[in-house]
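Bear in mind these aren't lab numbers, they're just calculated from the coordinates by the rules spelled out. As the structure is a prediction and not an experimental result, all values here were calculated from the model. Don't worry about glycine lacking a Cβ; one is built from the backbone with ideal geometry, like all the others, and counts go over all protein chains shown.
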Amino acid sequence: MHFQWYPGHMTKAKRMMQENIKLIDLVIELVDARIPISSRNPDIDELGKNKARLVLLNKADLAEDKWNDAWAEYFKAKGYSVVKVNSKKGGGIKSIQGVIREACKEKIERDRKRGILNRPVRAMVVGIPNVGKSTFINALAGKACAKTGNKPGVTKGKQWIRLNKQVELLDTPGILWPKFEDQAVGLRLAFIGSMKDEILNTEELAAELIKFLGTYYPDVLPEKYAVEPDEDPYVVLHQIAKNRNCVVRGNELNTEKAAMLLLDDFRNGRLGRLTLEYPEGVC
Ligand code: GDP
């Protein structure tokens, strides 16, 4: 799903978030484990201040696990609870309810001291488009859950999903806008397919990915496509087209097709688990 953001969208998204955030105790923020910084919008720190915070490294199955662990440490050091998740396959989902309770411990204790017992903790899921919010909500809620409908004192129309006696989840996620002003960030978002490919054309984008892989994962392209490393990414792209028989009209090589093949293989994890940015300093 591709999104085009305009100032009007951002204002509306922010207003919705400000409204919904008042209703909850905990913000569950999804980031893409391959680009945990580029897939965040830092405004959430201001919007979610005074709330318990849980960061989910989603699509952890597509990122290198040693870096997933390093990123988990990075976010923990900033005071967030963190879980590595594969929403598509359900990895990490089971632990979430316990982590939510733990993250809201202080709130539950405060309630208890005031004599408020058994008030469920309320949470909402937020993140930029395509990060996996809907998939995660479905994985967490499963089939067993019932929607609780409108409640007194809650803005009309809000639907809550009761996960158990102690936790309720707002059924619609909050959408954050990506940081598209930053070129390097835009490029990483384009790599994972979360930006309209129009910031660069397909071949330019593939060439940038080839450059990145040549530096950080030099074995990946030779192993996958039997290509020779080359300083010039277009030479590599040409080799991919040749070795994968990407041709048009008879036997003319089609590097556009090769570029799409490469991007598609990368996005679907067929090049292996790859992390595109690292906590110590970004690539
Ligand atoms: P949303 O826009 O944030 O609600 O994102 P979606 O839930 O629609 O997910 C976007 C795409 O990412 C879909 O194709 C999902 O199947 C895929 N996806 C979501 N979570 C995961 C995950 O943990 N691992 C993988 N490999 N794919 C995922």
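Listing for the model above:
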{"read-out": "FRET E, pair Asp45, Arg270, Förster distance 51 Å, beta-carbon r, rounded to 0.05", "value": "0.90"}
{"read-out": "Cβ-defined net charge surrounding Ser87, 13 Å radius [Lys, Arg +1; Asp, Glu -1]", "value": "+4"}
{"read-out": "Point-to-point label distance, Lys242-Gln18, nm (Cα→Cβ direction, 7 Å offset)", "value": "5.9 nm"}
{"read-out": "Residue-wise HN-Hα coupling along segment 24-34, computed from phi with Karplus coefficients 6.51, -1.76, 1.60 (Hz; x: Gly, Pro)", "value": "10, 9, 9, 9, 9, 9, 8, 10, 8, 4, 6"}
{"read-out": "Theoretical gain in end-to-end length, Leu200 to Gln166 [0.36 nm per residue, Cα-Cα removed]", "value": "7.6 nm"}
{"read-out": "Ellipsoid equivalent to segment 200-267 - semi-axes via the Cα gyration tensor, in Å", "value": "18, 13, 10"}
{"read-out": "Difference of contour (0.36 nm per residue) and Cα-Cα distance, Ala184 to Lys107", "value": "23.8 nm"}
{"read-out": "Semi-axes of the equivalent ellipsoid for the chain, Cα gyration tensor, largest first, Å", "value": "41, 19, 17"}
{"read-out": "Nearest-ten-degree value, helix 255-267 long axis tilted from longest Cα axis of the chain", "value": "30 degrees"}
{"read-out": "Val55 long-range amide H proximity, modeled H, under 5 Å", "value": "Glu29, Ser81, Val82, Val83"}
{"read-out": "Residue exposure sequence - Met124, Met17, Met260 - by fewest surrounding Cβ within 10 Å", "value": "Met260, Met17, Met124"}
{"read-out": "Euclidean distance between Cα centres, segment 21-67 to segment 243-281, Å", "value": "28 Å"}
{"read-out": "Karplus-derived 3J(HN,Hα), 6.51/-1.76/1.60, for each residue of segment 107-119, Hz, glycine and proline x", "value": "4, 5, 5, 4, 4, 4, 5, 8, x, 8, 10, 6, 7"}
{"read-out": "Theoretical FRET efficiency, 1/(1+(r/R0)^6), r = Cβ-Cβ of Tyr234 and His9, R0 30 Å, to 0.05", "value": "0.25"}
{"read-out": "Distance between modelled label sites at Asn138 and Asn254, nm, 7 Å Cα→Cβ extension", "value": "3.1 nm"}
{"read-out": "Residue (of Ser134, Met124, Pro218) at the positive-pole extreme of the chain, dipole from beta-carbon charges", "value": "Met124"}
{"read-out": "Rotationally averaged projected area of segment 7-175 (alpha carbon convex hull; nm²)", "value": "10.0 nm²"}
{"read-out": "Rounded to 10°, Cα long-axis angle of helix 7-21 versus longest principal axis of the chain", "value": "40 degrees"}
{"read-out": "0 to 90° range, to nearest 10: angle between helix 233-243 axis and the chain longest Cα axis", "value": "80 degrees"}
{"read-out": "MRE, 222 nm, helices only [DSSP H, n ≥ 4, -39500 (n - 2.57), over the chain, to nearest 500]", "value": "-12000 deg cm²/dmol"}
